[in-house]
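Here the structure comes first, spelled out in structure tokens, and everything after it is commentary.
The values are calculated or read from the model by the stated rules, or taken from the named source; none is laboratory data. From a predicted model like this one, the values you see are computed outputs, not experimental measurements. Ligands, DNA and RNA are excluded from the accessible area calculation, which covers all protein heavy atoms including side chains. Shrake-Rupley method; radii C 1.70, N 1.55, O 1.52, S 1.80 Å.
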Amino acid sequence: MRSLERASQLSLTQVADASSALAASDEPPLVAPPAAPSGCTLERPVRSINVGEGPLSFATAAAGARSLLAISTAQTSTLYLSRSDGTLAVLAAPFGPATALSASGAAHTMVVTWTRSSASQRATPSIAIVDERDSVRAFAFEERYAPVMTEVLCARVDRAARCAFALTERDEFDTNQGADAARAVLVSTTLLPQQSSVEFERRPIVAGVRAAAVVNAARPAMTVLRDGGLARTLDDGGLASIDPATLELAAFGADTAAIELRASAPTTERCQPAQWALSLGELGAARRDSGESTIATMDARPRGARIRSTGADGTTPAALWLDAPQCSERLFVIRAHRRGETVALTSATEFDAASDRASLSLAWREGDRLRWARYRCP
């Protein structure tokens, strides 16, 4: 869009293939498999990709019986597609090396978003759409200002997949502007099977805020940063404040779930044994003093919290996060909470998770390896 204020249609420029593939292999049976969240079954094979020790961005998505893994290292970029029969395809990756990635999917469609930077330092938000035929179409949004892009989120709406992301507009020539000068807009699209063209629509601009994340793609809503605090957009165009203890929000239908972080005895020390508590519940609901909503207690603040919807009807929340047992400096473990049970899945330094109904896709980094697993969660 030429301007977030004036554009009625978003202007797109097609993006060329910029990939050079990394090698993926099926892990042999002797390699210790990751655990599965409660009620879920690990599908074989688990994939392993050697990505080296350098900087890395990766994101996974799920849509029906397919899942996707996008990888960008300092030297290369790769886009994998895993099918229900266990076969693995390498698709043309329109994003290049050293690119920050986000991915999501629903029903028949998966998308990858990223921000491209040119020599002039102008950032360009871009999107790639992977349809039901495993075809990739990628576009870059033409921007007048240098935007900041949130992660993308998709949800099922009838037979369609509805995807949304948010942009914060800032004047690329004004480096001293404060939060009041920022403006955020939510961009969404509805993707149907065998759709030949893609149209994007935008919600009204919210002034004086920076976009933080998309909470709901089915009925587009986002969280924003304002005056140093976090708020979420409402259907009437207003904003509602969010408790600073909230780590992650996710909407399933009309409900909004939240992972909240509580420290029962906050101190200035980095390590507080068994003092960090995570709870999962509906946003805005009265907290229970009995502690029944607590899903885990940890020694250190959890990293990378995610809430994903699972189950055949897509209404069972699964909470995933990285924690550091015994206040370890290096050992981080992915834990998952689903249907009242919490289990340690595997060690990792970072991860991404995606779901679509009964399918759950999990990708995580272990040193110089990236591992990728799929689960069935009926």
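If a/c stays under 1.5 just call it rounded; otherwise compare a/b with b/c (prolate if a/b is bigger, oblate if not). Do that for the chain, with a ≥ b ≥ c from the square roots of the Cα gyration tensor eigenvalues. Rounded is the answer for the chain, as its axis ratio a/c remains below 1.5. Phi-derived couplings, Karplus 6.51 cos²θ - 1.76 cosθ + 1.60 at θ = phi - 60°, listed residue by residue for the stretch 150-166: 7, 5, 8, 9, 10, 8, 7, 9, 6, 8, 9, 10, 10, 10, 8, 8, 10 Hz, with x used for Gly and Pro.
Residues whose amide H falls under 5 Å from that of GLU350, counting only those 5 or more places apart or on a different chain, are ARG365, with hydrogens built in the peptide plane. In the full protein context, the chain carries 45 Å² of accessible surface per residue, based on a 1.4 Å probe and ignoring ligands, DNA and RNA. Scanning residues 5 or more positions from LEU230 or on other chains, those with amide H under 5 Å from its amide H are ILE242, with H placed 1.01 Å from N in the peptide plane.
Database remark: amide H of VAL51 closer than 5 angstrom to the amide H of ARG369, LEU370 (H placed geometrically; neighbours at sequence offset of 5 or more, or on other chains; Pro and chain starts carry no H).
Measuring nothing but protein heavy atoms, the accessible surface of the chain at 1.4 Å probe radius is 48 percent carbon and sulfur.
Classify the stretch 258-378 from the C-alpha gyration tensor, please: rounded if a/c falls under 1.5, else prolate or oblate depending on whether a/b exceeds b/c. It comes out oblate by the Cα gyration axes.
Sequence gap at least 6, Cα distance under 8 Å: using those rules, report the relative contact order of the stretch 250-378 to the nearest whole percent. Mind showing how you got there, number by number?
Values: 294 pairs, mean separation 22.2, N = 129.
Contact order relative to length: 17 percent.
Couplings 3J(HN,Hα) of the stretch 89-99, computed from phi: 10, 9, 9, 5, 8, x, 9, x, x, 6, 10 Hz, in residue order, whole Hz [Karplus 6.51 cos²θ - 1.76 cosθ + 1.60, θ = phi - 60°; x for Gly and Pro].
Normalised by the number of residues in the chain, what is the relative contact order in percent for Cα pairs under 8 Å and 6+ residues apart? Intermediate results must be reported in sequence, preceding the final value.
On the way: 1028 pairs, mean separation 58.4, N = 378.
Once normalised by length, the contact order is 15 percent.
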